[in-house]
Amino acid sequence: MAIDKIFKDEASEEKGERARMASFVGAMAIADLVKTTLGPKGMDKILQSTGRGREVTVTNDGATILKSLHIDNPAAKVLVDISKVQDDEVGDGTTSVVVLAGELLREAERLVATKIHPMTIISGFRMAAECACNALLEKVVDNKADAEKFRSDLLNIAMTTLSSKILSQDKEHFAKLAVDAVMRLKGSTNLESIQIIKKPGGSLKDSFLDEGFILDKKIGIGQPKRIENAKILVANTAMDTDKVKIYGARVRVDSMARVAQIEAAEKEKMREKVQKIIGHGINCFVNRQLIYNFPEELFADAGILAIEHADFDGIERLALVTGGEIASTFDNPESVKLGHCDLIEEIMIGEDKLIHFSGVAMGQACTIVLRGASHHVLDEAERSLHDALCVLSQTVNDSRVLLGGGWPEMVMAKEVDALAKKTPGKKSLAIEAFSRALLAIPTIIADNAGLDSAELISQLRAEHQKEGCTAGIDVISGSVGDMLERGISEAFKVKQAVLLSSTEAAEMILRVDEIITCAPRRREDRM
């Protein structure tokens, strides 16, 4: 007797051809979705949420687009995942990684249709990826020893990263900001100490880098506006207990005088707390929570600058930057680590007043203030700048650099093609397919710029037969150009991550031969 079915009613399964079809189609659809954002002439997407306020995001950052989509197709989710990892790991190349994986699957689909087993394709892809990686390794340039050259490399990388983003018009300005900020980090990849403040107004060109820390708060009334040699206590404590605050508590008193006594006792308690805080020998007190008028008054009398309600992000960063620690009890002042900085003053940016800490203990800290026409522009500018900062901080550690503009793909494709000719058996077909997929990236860059991609790619391929060729696609003039002269560079780490992640993702999706979808959980009728 044959078993009819082993799954629940609404569970579904797809086998063999159909399952593979579903995975391929889903993955290719995702790749086609972000394809148009690739390259310097890539277009943006508007993402509109259905939540309250119908927020609108305008972006061409692959990871941001894919993160915001709710996708049902399991294979498509794998691609969304690799773009997220690429974003966290190196910051840039989030679109390339998805497009390359999509192209690999498109090639694989043709091979599967000609009855080549997926495992054969996978081992071919593996060989090709290794060969491509080695081809890049042979061509890398490393200028870490020469500070001048290394800085110009970093500037070029930053400009290349920014040229496909909203900041492309002022890319020299922003590349300089990003490089200055990352050079201050002295090799750490912790971007926490670079703070980005967004202030609507002005134009993107008015953005600047400030050495020091800016807290988005105003200085209270009657408090010193300027403090030199500041000792800062960063705290997270309640400074608003001069009222009875136990909700639902009943205090029965026999006369109004008793109420006054309770209030006086509360005030006394507060005064003691403030005295303890002042006892730390500080002249600036930054609190995460509210500070009521009474303690604020006491601080003002003692000539201490008290800042209340500093947002959590701000206060964590402030503690990190000034070398202090966040305190919440004040009984033993010797165990509390105070922060230090040379000068605290109030500054104006646009219409807003902010507090500026300069000469901070952690010399790596700096603040980038972004100005722009609207919130959407600022959000996108922040994402673009964040990508550039990530790439640069990775490059400072791994200083190997490649040329950009489709040059690395051509170099890899040439080597992979040569490997395919040497390899016997069906694997060679998969290796050849891999080199075709690599060529898709320069093709798409050219297509997005409205150029004749077939013509350009064949010219490029001919150029690359020469030794030591530095040709790539120059989107601005619409022809094959010299990438060295144009100063178009990319970080080796980004290219390597794109190559390896997309190969692994394509491999994973290729291995699938059955998709099983669970039955949805039923809600019992609660009657």
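A few comments on the model shown:
- Taking every residue in segment 441-464 that is touching a residue at least 24 places away in the same chain (Cβ under 8 Å) and pairing it with any residue that is assigned to a helix (DSSP H, G or I) and of a type in the set (S, T, N, Q), at least 6 positions away or on another chain, the pairs with Cβ-Cβ distances below 6 Å are A446/S453.
- Test: residue in segment 35-46 that is without any contact (Cβ under 8 Å) to a residue 60 or more places away in the chain and assigned to a strand (DSSP E or B): yes
- Among (1) more than 16 Å from K41 (Cβ to Cβ); (2) in a helix (DSSP H, G or I) - the single one K466 does not satisfy: (2)
- Considering (1) closer than 21 Å to R20 by Cβ; (2) in a helix (DSSP H, G or I); (3) open to solvent by 50 Å² or more (accessible area, probe 1.4 Å), the lone condition that K115 does not fulfil carries the number (2).
- Members of segment 65-91 that are open to solvent by 20 Å² or more (accessible area, probe 1.4 Å) and of a type in the set (A, V, I, L, M): L69, I71, V78, I82, V85
- Considering residues of segment 469-497 that are of a type in the set (V, I, T) and within 19 Å of S399 (Cα to Cα) only, the residue most open to solvent (accessible area, probe 1.4 Å): I488
- Answer residue from segment 300-321, given it is among the β-branched types (V, I, T) and modelled with pLDDT under 80 and is farthest from Q289 (Cα to Cα) among those: V321
- Enumeration of residues in segment 2-34 that are free of Cβ contacts under 8 Å to residues at least 60 places away in the same chain and either within 18 Å of K77 (Cα to Cα) or in a helix (DSSP H, G or I) (or both): E17, R18, M21, V25, G26, A29, L33
- Complete set of residues in segment 363-394 that are touching a strand residue (DSSP E or B) at 6+ places or on another chain (Cβ under 9 Å) and over 30 Å from T95 (Cα atoms): Q364, A365
- Flag if A11 is aliphatic (A, V, I, L, M), touching a strand residue (DSSP E or B) at 6+ places or on another chain (Cβ under 7 Å) and loosely packed, with under 15 Cβ neighbours inside 10 Å: yes
- Segment 26-61, subset among the β-branched types (V, I, T) and at pLDDT 90 or above, residue farthest from H117 (Cα to Cα): I46
- Test set (1) within 30 Å of H356 (Cα to Cα); (2) small (G, A, S); (3) free of Cβ contacts under 8 Å to residues at least 60 places away in the same chain - A418 fails condition number: (1)
- One residue stands out among those in segment 232-243 that are more than 15 Å from V321 (Cβ to Cβ) and surrounded by 13 or more Cβ atoms within 10 Å (Cβ to Cβ): the one that is modelled with the lowest pLDDT, which is D242.
- Those strands (runs of 3 or more DSSP E) of segment 260-375 in which at least 3 residues are exposed (fewer than 15 other Cβ atoms within 10 Å of the Cβ), considering only elements entirely within it, cover 339-349.
- Residue list for segment 498-514, restricted to those being open to solvent by 20 Å² or more (accessible area, probe 1.4 Å) and within 23 Å of E138 (Cα to Cα): L500, S501, E504
- V85 meets the conditions (1) part of a helix (DSSP H, G or I); (2) in contact with a strand residue (DSSP E or B) (Cβ under 7 Å, 6 or more places away or on another chain); (3) among the β-branched types (V, I, T) in every case but one. The failed one is (2).
- Subset of segment 414-442 that is part of a helix (DSSP H, G or I) and hydroxyl-bearing (S, T, Y) - its residue that is surrounded by the fewest Cβ atoms within 10 Å (Cβ to Cβ): S428
- For segment 382-404, the condition holds for at least one residue, the condition being that it is among the charged types (D, E, K, R), surrounded by 23 or more Cβ atoms within 10 Å (Cβ to Cβ) and within 24 Å of K186 (Cβ to Cβ).
The values are calculated or read from the model by the stated rules, or taken from the named source; none is laboratory data. This one's a predicted model, so the numbers in the text were calculated from it and none came from an experiment. Don't worry about glycine lacking a Cβ; one is built from the backbone with ideal geometry, like all the others, and counts go over all protein chains shown. When the accessible area is computed, the model is the full protein with side chains, heavy atoms only, and any ligands, DNA or RNA have been set aside. Shrake-Rupley method; radii C 1.70, N 1.55, O 1.52, S 1.80 Å.
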